[in-house]
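For reference, the structure discussed in these notes is given below.
The values are calculated or read from the model by the stated rules, or taken from the named source; none is laboratory data. What you see is a predicted model; the values in this text were computed from it and never measured. These accessible areas exclude ligands, DNA and RNA; they are computed on the full protein's heavy atoms, side chains included. Shrake-Rupley method; radii C 1.70, N 1.55, O 1.52, S 1.80 Å.
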Amino acid sequence: MVGSCALLAGCVAAEEQFDPPGTSEVLTGAGGGSGSGVWASSSGSSGSSDDPGGNGGGWPSGKLGPPYPIVLAHGFFGFEDFAGAGYVSYFYNLKQALAESGETVFTPSVDPFNSSEVRGAQLLARIEQVLAATGHEKVNIIAHSQGGLDARVVAHDRPDLVASIVTVATPHLGSKVADVALELIADERLQDILDDLINAIGAPLYDQIGNETSVFASLEQFSSPGIAEFNATYTDSPGVFYASFGGRSGRARGGRDCSTLTPAPFVTRFDDGLDPVHPLLSLTETLLDGGIGESFPNDGLVRARDARWGEFWGCIPADHFDEIGQLFGQSPGDGNPWLYIDFYRSVIARLRQEGF
């Protein structure tokens, strides 16, 4: 049971923890400096609403405008430092790679097991720290899996702090895997036992876990009734840009669930690429695919049709692990030329073109 629940996000680490406000070390993002992509104001210049960047001064608010910092939001089962290894991160080696390209990137940790109402509030607190440290007015959030739901909570509650949200394999319309898991463990006593077991196992691995953490708070949110309630509550904010990607694995080509009027060129170039699903996801990929009859492209945990939100930019040939460079940066599989670090670089380049 523990293994099945862990698969809902790829059991790896979230990389970075923020210290509480008031401490001397607030955060440690990557990047910065003259080539950071952070717009630096000219000294002694006040700027205007017509010219927020370039040679201008500050945004009308007195804060820095675009290009905004990047926040990578992790999914279910993300944690700060896997078993004390010190190098295993959820977005495997991605922050470092993006920093080398001049980006300022932050990877805040939130509760690995909880609803997005709880995790979203935690993510908002981390983003407020990012903005206080960088002087920027907003951030761009790139989120994987449940991290996309957390990001939507932040944008709903504080749209003034978020320029854009790009989600990768986020179950915006829920996940059949969660429905099946809840049916298998319908007894609330078993759910309590599993939560206690997760606490017992998780505590030695990472320090975010607490007495209030709950696997079932997440699973219930991913279920059909849970996600319907979430979507009715956390509607999109008009001033925030939303875009999304789905994943396709099991050597699926995509079909109509991956079709879009706004495809990203850096995705369509891999339309002929086929991804062999990771053995750990083969059972759930088959479950989501539907088998006989209509096939539903998915990444082993989230169907492409359930990952569509805002502008849909297409399906990437990757399973739920490949999407974040896991496990441990291994190849996405024989014959699959897709590279996850290049993908995220291209996503950020697209956001910069959009003015974010």
Two decimals is fine: what's Rg over Rh for region 105-175, C-alpha atoms, Kirkwood radius as Rh? 0.94
Set of lysines near Lys138 by C-alpha distance (under 30 Å), chain-local residues within fewer than 8 positions excluded: Lys63, Lys95
Where does each of Arg352, Arg119 land when they are ordered by accessible area, with a 1.4 Å probe and the largest first? Arg352, Arg119
Overall form of region 209-351 per C-alpha gyration tensor (a/c, 1.5; a/b vs b/c): rounded
Amide H proximity to Ala252 below 5 Å, modelled H, separation 5+ or other chain, gives Asp275
Using the alpha-carbon centroid of each, what span in Å lies between region 113-135 and region 232-257? 22
Calculate, in nm to one decimal, what Asn93 and Asp272 gain on full extension: separation in residues at 0.36 nm each, minus their alpha carbon distance. 61.8 nm
Expected unfolding gain across Ser224-Glu311 under the 0.36 nm per residue rule, minus the alpha-carbon gap, is 29.1 nm
I'd like the accessible area for Cys258, computed on protein heavy atoms only with a 1.4 Å probe and all protein chains in place. Round to 10 Å², please. 20
Using θ = phi - 60° and the Karplus curve 6.51 cos²θ - 1.76 cosθ + 1.60, what whole-Hz ³J(HN,Hα) does each residue of region 165-176 get, with Gly and Pro shown as x? 10, 10, 10, 10, 6, 8, x, 4, 10, x, 9, 4
Does region 285-356 classify as rounded, prolate or oblate by the C-alpha gyration tensor (a ≥ b ≥ c root eigenvalues; a/c under 1.5 gives rounded; else a/b over b/c gives prolate, otherwise oblate)? oblate
For Ile316, other-chain or 5+-apart residues with amide H closer than 5 Å (H placed, Pro excluded) are Gly246, Gly247, Arg248
For Asp160, tell me the accessible area in Å² from a 1.4 Å probe, rounded to the nearest 10. 70
Once all protein chains are kept in place, Lys176 shows an accessible area at probe 1.4 Å, nearest 10 Å², of 100
For Leu64, which sequence-distant residues (separation of 5 or more, or a different chain) have an amide H within less than 5 Å of its own amide H, given hydrogens modelled in the peptide plane? Trp59, His136, Glu137
